[in-house]
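S.K.: Let me give you the structure first, and then I'll get to my questions.
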Amino acid sequence: MKKNATPAELGYRMPAEWEPHASTWLTWPRPEGISFPDKYETVPPVYAEFIRQLVEVEEVNINVWDAKMADWVRGLLMEQQVPLQGVRFHFFPAYEPWCRDHGPTFLVRNREGNRERAVIDWGYNAWGGKYPPFDLDDAVPQHVAKLRSLPLFSPGIIMEGGSIEVNGAGTLITTEACLLNPNRNPHLTRSQIETQLKESLGVKHILWLGDGIVGDDTDGHIDDLTRFVDSRTVVTVVEDDPCDENYDLLQDNLARLKTMSDQDRRPLSIVELPMPGVVECEGQRLPASYANFYIANERVMMPTYRHSNDALALEILRSVFPRHRVVGLDSTKLIWGLGSFHCISQQEPMG
């Protein structure tokens, strides 16, 4: 074996989110955290409903601060009548709950008839150093790899799970606003970042969109914009109101997508998703998007915002996920933390 071989050289790849899961990982939010200022008590019931949906189709692993938190969460889930048989707690503390970004990115490979897994341990700096401290959050992938006895690769660059979207067949979509932001990897050029992604995730083809939606403090994560729903089809959000701040930037991303192809040079199939209009709290524009859905085994959980477009977005996702049950879950409390169901979750593929 080549010394210091990259995951790609060893045959690993990042699987698509719809490939079979062993479990979903979550990090429970702390009352002392900064993600839900003055509204923490409204958030745990939202997590409970999300977990209720998940445990029907796969195991749920929850990172908690300590045993006291585990007991409290267990009690809440029992109170909400969420079955606990498929819920596991781990004392892997993190300051904030955004497991998509600080959690492990899992890789898979087929070797001698077996499906093997590994973990990527990206560097994590809380979206460009915005919310220190973040040392505990940064360590979560290491804990998970040790728990699962999996190989751990540490590329040595800053990256968040919400900033990358893959089709499992060789194509990755990301944004210039996030990955080229000097608050992440200022020493790397665009070409060098592409090389790192290809070596770490086993992708061959990288597509770049422009800006993220208004109110997104991650500097433009792709999981609020454009998502693969199969190997060559994406859903992408568009804003119908020309006076909305999101209109032009989403039109630009749509125009880019229309020129793009997959790893086999086949044009992308594009399905448009509406936006839920302006969602605000205390005068702050929040990054509400129907694209922040999570794909579990046989189920898709889509955030809703008590908007007339909720029903249309659900109808569209049901049409592109005919083998999944697509459910809408109220995200009006969760989005106060500037993220929704995809942001709080991280899939663990089947071994």
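The values are calculated or read from the model by the stated rules, or taken from the named source; none is laboratory data. Given the structure is predicted, the values throughout are model-derived calculations rather than measurements. Counting neighbours? That spans all protein chains shown, and the Cβs are built from the backbone with ideal geometry, glycine included.
S.K.: Only residues that are closer than 24 Å to K130 by Cα, outside any loop (DSSP other than H, G, I, E, B) and among the β-branched types (V, I, T): list them for region 1-41, please.
M.R.: Matches in region 1-41: T27 only.
S.K.: Given the options L84, L136, L77, L150, name the one that is more than 16 Å from P349 (Cα to Cα) and in a loop (DSSP other than H, G, I, E, B). Spell out how you get there, then give the answer.
M.R.: On the way: L136 fails: in a loop (DSSP other than H, G, I, E, B); L77 fails: in a loop (DSSP other than H, G, I, E, B); L150 fails: more than 16 Å from P349 (Cα to Cα).
Among L84, L136, L77, L150, only L84 is more than 16 Å from P349 (Cα to Cα) and in a loop (DSSP other than H, G, I, E, B).
S.K.: Right, V87: crowded, with 21+ Cβ neighbours inside 10 Å, β-branched (V, I, T) and closer than 17 Å to M301 by Cβ or not? Write out each step before concluding.
M.R.: Working: crowded, with 21+ Cβ neighbours inside 10 Å: no; β-branched (V, I, T): yes; closer than 17 Å to M301 by Cβ: yes.
Spelling it out, it is not the case that V87 is crowded, with 21+ Cβ neighbours inside 10 Å, β-branched (V, I, T) and closer than 17 Å to M301 by Cβ.
S.K.: It is to be established whether one or more residues within region 97-108 are outside any loop (DSSP other than H, G, I, E, B), surrounded by fewer than 13 Cβ atoms within 10 Å (Cβ to Cβ), modelled with pLDDT of 95 or more and of a type outside the set (K, R).
M.R.: Scanning region 97-108 turns up no residue that is outside any loop (DSSP other than H, G, I, E, B), surrounded by fewer than 13 Cβ atoms within 10 Å (Cβ to Cβ), modelled with pLDDT of 95 or more and of a type outside the set (K, R).
S.K.: Just for helices (runs of 4 or more DSSP H) wholly inside region 240-351: which have at least 2 residues that are of a type in the set (D, E) and under 19 Å from R227 (Cβ atoms)?
M.R.: Answer list for region 240-351: 309-320.
S.K.: Right, here's the next one. Tally time: how many residues in region 159-216 are in a loop (DSSP other than H, G, I, E, B) and either touching a residue at least 24 places away in the same chain (Cβ under 8 Å) or within 15 Å of Q263 (Cβ to Cβ) (or both)?
M.R.: The total comes to 22.
S.K.: So, one more: Taking only region 111-123 into account, find how many residues are at pLDDT 95 or above and more than 23 Å from the chain's Cα centre (by Cα).
M.R.: The qualifying residues number 0.
S.K.: Touching a residue at least 24 places away in the same chain (Cβ under 8 Å), aliphatic (A, V, I, L, M) and crowded, with 18+ Cβ neighbours inside 10 Å, is that true of I34?
M.R.: Here the answer is no, as I34 does not meet what is asked.
S.K.: Got at least one residue in region 276-299 being out of contact with any Asp or Glu (no Cβ under 7 Å at 6 or more places or on another chain), more than 22 Å from S35 (Cα to Cα) and of a type in the set (A, V, I, L, M)?
M.R.: Within region 276-299 (the criterion being out of contact with any Asp or Glu (no Cβ under 7 Å at 6 or more places or on another chain), more than 22 Å from S35 (Cα to Cα) and of a type in the set (A, V, I, L, M)), the answer is no, since none of the residues qualifies.
S.K.: Does at least one position in region 328-351 carry a residue that is within 19 Å of P20 (Cα to Cα), in contact with an Asp or Glu (Cβ under 8 Å, 6 or more places away or on another chain) and modelled with pLDDT under 95?
M.R.: So far as region 328-351 goes, yes, one or more of its residues are within 19 Å of P20 (Cα to Cα), in contact with an Asp or Glu (Cβ under 8 Å, 6 or more places away or on another chain) and modelled with pLDDT under 95.
S.K.: Still on this structure: Checking the condition closer than 21 Å to E19 by Cα and touching a Lys or Arg at 6+ places or on another chain (Cβ under 8 Å), which residue from S269, S319 passes?
M.R.: Just one listed residue meets the conditions, S269.
S.K.: A further question on this structure: Considering I295, I316, which residue is β-branched (V, I, T) and out of contact with any Leu (no Cβ under 7 Å at 6 or more places or on another chain)?
M.R.: After ruling out the rest, the residue left standing is I295.
S.K.: What pairs can you find where one residue is in region 336-348 and within 13 Å of S289 (Cα to Cα) and surrounded by 24 or more Cβ atoms within 10 Å (Cβ to Cβ), the other is modelled with pLDDT of 95 or more and acidic (D, E), and their Cβ atoms are less than 8 Å apart, with a gap of 6+ or different chains?
M.R.: Pairs that qualify, where the first residue is within 13 Å of S289 (Cα to Cα) and surrounded by 24 or more Cβ atoms within 10 Å (Cβ to Cβ) and the partner is modelled with pLDDT of 95 or more and acidic (D, E), are H342/D223; C343/D101; C343/D223.
S.K.: Between E282, E315, E298, which is free of Cβ contacts under 8 Å to residues at least 24 places away in the same chain, at positive phi and more than 17 Å from the chain's Cα centre (by Cα)?
M.R.: Just one listed residue meets the conditions, E282.
S.K.: Kindly list, by first and then second residue, each pair from a residue in region 69-94 that is touching a residue at least 12 places away in the same chain (Cβ under 8 Å) to a residue that is aromatic (F, W, Y), limited to pairs with Cβ atoms under 7 Å and residues at least 6 apart or on different chains.
M.R.: Matching pairs, first to second residue: M69/W28; A70/F89; V73/W28; P93/W65.
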